Structures are given as structure tokens and as C-alpha cells.
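The values are calculated or read from the model by the stated rules, or taken from the named source; none is laboratory data. Owing to the predicted nature of the structure, the values given are computational and were not obtained by experimental measurement. When we count neighbours, we look across all protein chains shown, and the Cβ atoms used for this are built from the backbone with ideal geometry, even at glycine. To get the accessible areas, we keep the full protein, side chains included, count just its heavy atoms, and leave off ligands, DNA and RNA. Shrake-Rupley method; radii C 1.70, N 1.55, O 1.52, S 1.80 Å.
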Amino acid sequence: MNELDGLSALIIEPHAGMRATIHNMLTLCGLSKVDHVGSSNQAIKHLGSKPYDLILCEYGLEGGQDGQQLLEDIRHYKLMPLATMFFMVTAEGDYGKVVSAAELGPTDYILKPFTADRLLERIARALDKRNVFVPVYRLMEAGNQREAIDACQAGEAQHPRYLVDFMRLRAELHMFLGEPEQAEPLYRKLIETKAIAWARLGLAKTLFLRERYDEAQDLLENLVDSNKNFVDAYDWLARTHEAVGALDKAQEVLTDAVGVSPHAVRRLRKLGETALEAGDNDTAEKILKQVVSKAKYSEFRDPQDHVLLVQTLVRKGDPVQAAAVIRDLDKSMAFQKHTTVCSAIASSMVHEYTGNEARLNEALTSALAGSRDAPELRPELKLELARVAIENRMEEGAAEVVREVMRNARNGAGVARAMAVFEQAGQAELAQKLAQESRQQVVDLVAGGAARAREGDFKGAVVLMQEAVGKLPDNPQVVFNAALAVLKYLDNGGWDERLGQQALGYIAGVRRLDPVNPKLPALAGLHQQILKKYGKGPQAAQPKKAG
């Protein structure tokens, strides 16, 4: 048997005996390039160093993180190429766990016990489909979504057995490009052809992105009612409620989703944040404790989760338990990025509550200084820091934090939340002044980059906008103009591989921050022109085939 000859595989399995068994099965199937690890942390390190064609992951991992949570991290941090086949290996019969994994789209499940022949059959079937889609994946990973859409249309004609899959991918590409109006008829056609739940969800997303929230809500509520286990629909229904300010309804929907799929850390985190914002401190405490516990074993654990839990406990009047959470943060994440500033922010909350003025001033001074070098911190935490600073006569430091949050705000609603911190402290005039200053600073930054480009100093424009993105990574106007500056430099100054990758990252950032920006198609079009100019499109190498 040589179906897997030339492919590479990673086995993620905590038990050495089972790792050896699966390794032997793959060898019998003709596969010789096999790595294996015993934990999720080891898997992350391997995936960060090289790509694999095939991943076989045991669901029941040890050390606090299961296979579903690992797949969630891999997808979120883009550690796995689109063409990689991911198989969840499990003997678990618990339906909730299966649903948790299913929503993240593993290629397939393999239930233990299984034979080498059964394993080969499942992998060969997945490999056949993968090889059909590899040309599209290459175009997508090269940033050439337009040609990827054309390739999907060609694939629909050439491979009719995968018609639905190609149509789905084409619709998702239009959504990625910020064109929900182009995706809508595709999803409607899929719904007419077959009542597919994900197609109805896709249609709801097109409505959501165009702010047709009532229509999206009706569709999502019907979808949830007819399919109680479709957790993605719960997520989007919660987002729809949140978009119109119905936090209580958003929390209720997320609670239902967690009941169906209790193992997804990101959903738990969102529920905890929503409960905290809605003032439901009991639920926030319960859920955020789960987040801290489940995320502890992840390579991507976030110290901000501890701060949110401290904030909840302080609101509930429990500074003793809050202090214990800070000690755990300092101990378990001592070398994590932003742990020091997160610890200082959390400490300031506790010391404000207990009235320890000396330690409060010390924590606030450290937190305000650290926040200057942490633009990635959640704006909600920074605004809570600003509130504590205002209440304790550190208005200047609070103004600096609020100004930075305003400059980095994605939209007017973000600016309004920042203004509310000073407005609630009786300083509405200062809030207006800070908002005006922040808007002007962003305008000046962008104008400075544009002026350098007009003068022919394309390199200077890039340097200026790179610095701007470093300070304001969530401002869509800044990220857009950084992408434009890099593209103009490449167009006029020659190809630079590092900047080419950075341009891709900036364009992806604009799509994340402002998915329906009307200038996005032109930006992406310029990127494609430059790739063609320098012959930097996807490689023409043929995918590996079975047989």
C-alpha cells in the first residue's frame, strides 16, 4: 500500500503504547515521515516549526487541555495550513464533547478501536478531496482570493461531486472579501437545493454584516430552534443581540450554547465577559473561573482572563479571593507577555476596594506605565484602569489611557465608551476634548504617511505607518493606510519578501476590523497587481496524490 507515500504526519496522543500502534499503522500504509508528541504544548511547538499533511489527534489529552481546545488554538492562531487533514481520534461516547469538536471542523473522526485498513480508508477518502481543493487553498494562502473564487467556479464544473463544497467555499471567500451581497445568492441557492444548516447560518451572517439585525435574528432563532446542537448559530445569535444592546439576551443565548458545547474556551470567555458587562457577577465569576482553569494548560493562555476574574470578585466584595487570583497569575504566568501590567491593573482594583492607599498608588503607577507598552490589552480593562485612576486623583494618567483607547477604537461606539469614563466622573468637557485630540492625532498620522508617499519617500511612509500600527493595532483607518503604504513601496521600490508578508497581514487586519470597508476590494486588487508584477503568485507544484 502506498497511498500515503511522501506525506508527513503528526500523532498527538498521550499514551506511548497507542502512539506506537498508530505509528505502525501509518508505516503499514506506506507513510514514513511521522512525528509524535504526548501533549498539546508539544504539538503547538511542532506545528510552529513545520507544516504537516496529516494530524491524528486524540481527544482525551492529558494536562488539562482536550483535543477540541487544541484544535481551537490551532485554527485561531493559524498554525495549520488549509490543506492539512485533521482527524480527531476518540473512544468517547459523550455527545457534548463530539459536538464541541464538530463545530471546529476536523476533517473526520476516527473512533477507537480501529484497524490499519480502516484508517487508510478514511485518510484516502479525505486525501482525494484535499487534492481537488489544494489549488484553491494555494491561491487563498497567497492572498489571491479573486482567483480562488474563479477556481471554485471551475471546480464546480470539473468536480460535480464536490459542487456543494465549492459553492460554500466561494460564498465564504466573498464574505472574507467584505462582499456579503455577493455571498447571499450563493447561500440562498444552497438552501433551495438542500436545507443545509450551515447555509442558513451563512445567509444570516450576510444579513448581520449589512446591519439587517432583525432579519438575521429571525433566521438565527429559527435555526437554533430547529437544530439545538448547532452552536455556531448560537454564537451569531448572541452577537446579533449584542449589536442592538440586548446584553441579557446575548448572555442567555451564550449560556445555552455553553450547555451544548461546554469545552470551547473562547465561548466560555465571551459568556464571562458578557455577564460581567451585564452586571451578572455570579455568572461572570462561575464562568471566568472555568476560563482560567481550562486555559491554564494552553500555550496561548491570556493573563487578561485573571484580571477579568479579579474585577468580578472585587465587584462581589471578595478581595481575599481576588488577591489569591493575582498570586496565581504572578506564579503561573510569570514569563507571559503583559503579566506584569495585568497584575498591576488587578492589584489596583483590590487595593482601591480595601482602601490601602499606599499600595494602590504603587499599583496604579505601575499599571499606567505598563499600559503604554501594551496596545493589545482589551480596551475594557484599560478603561477600568482609567476609572480607578480618576477616582484616585491620577487624572493625567487616566487621560493618557483614555486617549490611547480612543485612538485605537474600531468605531464611534468604542470612542463613546471611552468618553463615558470621564463623563461619569463629571468631566464631560474633558471627554470631548480628548475625543477631538484623539481623532486629530489619527488624522495627522495618516496624513503624514500619505505626504511622505506623495513626496516619493515610500520607505519613510512605511516606517511611519508601521510605527502607527504598533501603537494602534485596532484602528481600521491606521491599518488600512499602513497596508496602502507598504503596497506603494513594493510597487515603486521592488519586491521585499518581509514587506510582502506584512502587506498580507495588514490587509487581513482591515478585513477583521472593518469587513465591509468599500475600499477593501481596491486595496486587495492593488495587492494582486503587485504579486503579478513580480511573479509572486502561488506555486504551480502539483499536490501529493493518493495511489
1/(1 + (r/R0)^6) with r = Cβ-Cβ of GLU391 and GLU437, R0 = 25 Å, i.e. FRET efficiency to nearest 0.05, evaluates to 0.65
Karplus ³J(HN,Hα) for the range 32-49 (6.51 cos²θ - 1.76 cosθ + 1.60, θ = phi - 60°; Hz, whole; x = Gly/Pro) runs 10, 8, 10, 10, 9, 9, x, 8, 5, 4, 5, 4, 4, 5, 5, 5, x, 9
Here the range 474-491 yields Karplus 3J(HN,Hα) values (6.51, -1.76, 1.60; θ = phi - 60°; whole Hz; Gly and Pro given as x) of 10, 8, x, 5, 5, 5, 4, 6, 5, 4, 5, 4, 5, 5, 5, 4, 4, 5
Ordering GLU423, GLU273 by the accessible surface of their heavy atoms, 1.4 Å probe, largest first, yields GLU423, GLU273
Counting only protein heavy atoms with a 1.4 Å probe and every protein chain in place, the carbon and sulfur fraction of the accessible surface of the range 305-408 in whole percent equals 49 percent
Rounded to a whole %, the carbon-and-sulfur portion of the accessible area of the range 222-272 at a 1.4 Å probe is 48 percent
Heavy-atom accessible area with a 1.4 angstrom probe orders TRP495, TRP236, most exposed first, as TRP495, TRP236
Expressed per residue, the solvent accessible area of the chain in Å² (1.4 Å probe) is about 45 Å²
Here the relative contact order (percent) of the chain, from C-alpha pairs under 8 Å and at least 6 apart, is 11 percent
Expected field for ASP53, accessible surface area in Å² at 1.4 Å probe radius, rounded to 10, holds 20 Å²
Two pseudo-spin positions, 7 Å from Cα along C-beta at ASP491 and at LYS296, lie apart in nanometres by 5.3 nm
Net charge (Lys, Arg +1; Asp, Glu -1) of residues whose beta-carbon lies under 10 Å from that of GLN42, GLN42 excluded, is -1
Karplus ³J(HN,Hα) for the range 400-408 (6.51 cos²θ - 1.76 cosθ + 1.60, θ = phi - 60°; Hz, whole; x = Gly/Pro) runs 5, 5, 5, 4, 5, 5, 4, 4, 9
If R0 = 35 Å, then ASP218 and GLN182, at their Cβ-Cβ distance, give a FRET efficiency to the nearest 0.05 of 0.95
In nm, the gap between the two label points placed 7 Å beyond Cα toward Cβ at ILE191 and THR27 is 5.3 nm
Hits in the range 27-41: amide N under 17 Å from the 7 Å Cα→Cβ extension of ALA16, namely 36-39
Rounded to the nearest 10 degrees, the helix 116-141 long axis (Cα) sits at an angle to the longest Cα principal axis of the chain of 60 degrees
